[in-house]
Protein chains: 2
Amino acid sequence: MSYSLTSSRNQTFISTLREKGLRPTKQRACVYGVILDKRDHPTADDIYDRVKRHLPGTSFATVYNCLETLVGCGLVRQVNMDRSPTRYCPNLSPHAHFRCIQSGKIYDVEIDKDTLSRMQALVPEGFEAENLDLSFSGTGTPPHD
Amino acid sequence: MSYSLTSSRNQTFISTLREKGLRPTKQRACVYGVILDKRDHPTADDIYDRVKRHLPGTSFATVYNCLETLVGCGLVRQVNMDRSPTRYCPNLSPHAHFRCIQSGKIYDVEIDKDTLSRMQALVPEGFEAENLDLSFSGTGTPPHD
DNA sequence: TCAGGAATTAGAATAATTCCAATTTAGCTT
DNA sequence: AAGCTAAATTGGAATTATTCTAATTCCTGA
């Protein structure tokens, strides 16, 4: 029953971890997999629920550990909006997030290269930005949902 | 001993609250004042400490209540970076934040009109953004500090 | 196969924030 | 100025997401 990744995902997964000298465990694979399978923005809680269906013995601590590892490897991204629980995102391309105040749903928003470099240019002399986060909140009525 | 605002601040403070039918209490004035006096990015905890020096009886709940009120009125801004405690900011002009990973300090970063409107333009059809947040993190060695 | 470090586990601990019920206060009315 | 009422404040308990801890289990290389 233990979750298995598609072979292409599995290759990315294994090689990325190995590069950092980390072990590709079944829990890590499962956490990674459930985030990729449903391309939403699950919380650690959501992920825990999904993982438990495949690996019932998994603990919360493990989910957090795995998430930290995966984020550290750049396999998933962390999304923090206001004070709400951290969410995790399989979309690795540079993008912003939009949160609908009514539904709580989070949507990816593409950032074009030009706007991205303008934003990066805002960082003043003497500062070196490793990370950029852009998020919007408001109301959204997406065409298909 | 109870804190008093400068008269120009006091006018803004009183009229802004009155517009919303809210009472300009001494606790609210004090919270507002200590944020404006030291133009840094204090946490609720920092603010609590400062307020206590002027109004020793003040409780934590009140500080949180006042902050919520002031943010709701637009008198101060709330700054959330990752999971770290919420910070409060007296700078109301549109600006981004830069957090230095080493020192934990937060700096304001100006956003020019042009870049701002480009960012706003990223929001797709069917979505209405009420709020935009841009933040950077990395290392910073500002000239004077 | 075995040793030793890495990963996982359950549950306790932490930290920021919110909730609650009781008390106090501000701003009318008279 | 005194009384009234809703709004604000208070202390402490509760909540919630997350992290820590110490014990156990699991990989992986020798």
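The values are calculated or read from the model by the stated rules, or taken from the named source; none is laboratory data. Keep in mind the model is a prediction, meaning the values are calculated, not measured. Note that each Cβ is placed from the backbone with ideal geometry, even for glycine, and that neighbours are counted across all protein chains shown.
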* Asked: Among B:D46, B:D108, which is the only one that is more than 14 Å from chain A (Cβ to nearest Cβ), of a type in the set (D, E), under 13 Å from the mean Cα position of the chain (by Cα) and at negative phi?
  -> B:D46
* Unique residue being away from DNA strand C (no atom under 16 Å from the Cβ) and closer than 30 Å to B:Q102 by Cβ when the list is A:Q11, A:Q78 -> A:Q78
* To do: Check segment B:76-85 and report whether any residue there is over 11 Å from the mean Cα position of the chain (by Cα) and crowded, with 18+ Cβ neighbours inside 10 Å.
  => yes
* Structure fact -> The residue that is farthest from DNA strand D (Cβ to nearest atom), considering only those in segment A:67-78 that are closer than 18 Å to A:K38 by Cα and without any contact (Cβ under 8 Å) to a residue 40 or more places away in the chain, is A:R77
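Among the helices (runs of 4 or more DSSP H) lying completely within segment A:34-145, list those that include at least 2 residues that are within 23 Å of B:L122 (Cβ to Cβ).
Here the list reads A:113-121.
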* **Residue, nearest to the other protein chains (Cβ to nearest Cβ), within segment B:14-26, restricted to residues that are near DNA strand C (Cβ under 9 Å from one of its atoms) and assigned to a helix (DSSP H, G or I)** => B:L17
* Mind listing whichever residues of segment B:62-85 are within 9 Å of chain A (Cβ to nearest Cβ) and over 19 Å from B:T12 (Cα atoms)? => B:N80, B:M81, B:D82, B:R83
* **Qualifying residue in segment A:47-66 (condition: closer than 26 Å to B:F98 by Cβ and either touching a strand residue (DSSP E or B) at 6+ places or on another chain (Cβ under 9 Å) or in contact (Cβ under 8 Å) with a residue 12 or more places away in the chain (or both))** => no
* Hits in segment A:122-139 (condition: aromatic (F, W, Y) and either within 12 Å of A:H97 (Cα to Cα) or out of contact with any Pro (no Cβ under 9 Å at 6 or more places or on another chain) (or both)) -> A:F136
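Return the only residue of B:R53, B:R28, B:R39 being under 27 Å from B:N80 (Cα atoms), outside the structural domain of B:C100 (by TED's automatic domain parsing), among the charged types (D, E, K, R) and away from DNA strand D (no atom under 15 Å from the Cβ).
Among B:R53, B:R28, B:R39, only B:R39 is under 27 Å from B:N80 (Cα atoms), outside the structural domain of B:C100 (by TED's automatic domain parsing), among the charged types (D, E, K, R) and away from DNA strand D (no atom under 15 Å from the Cβ).
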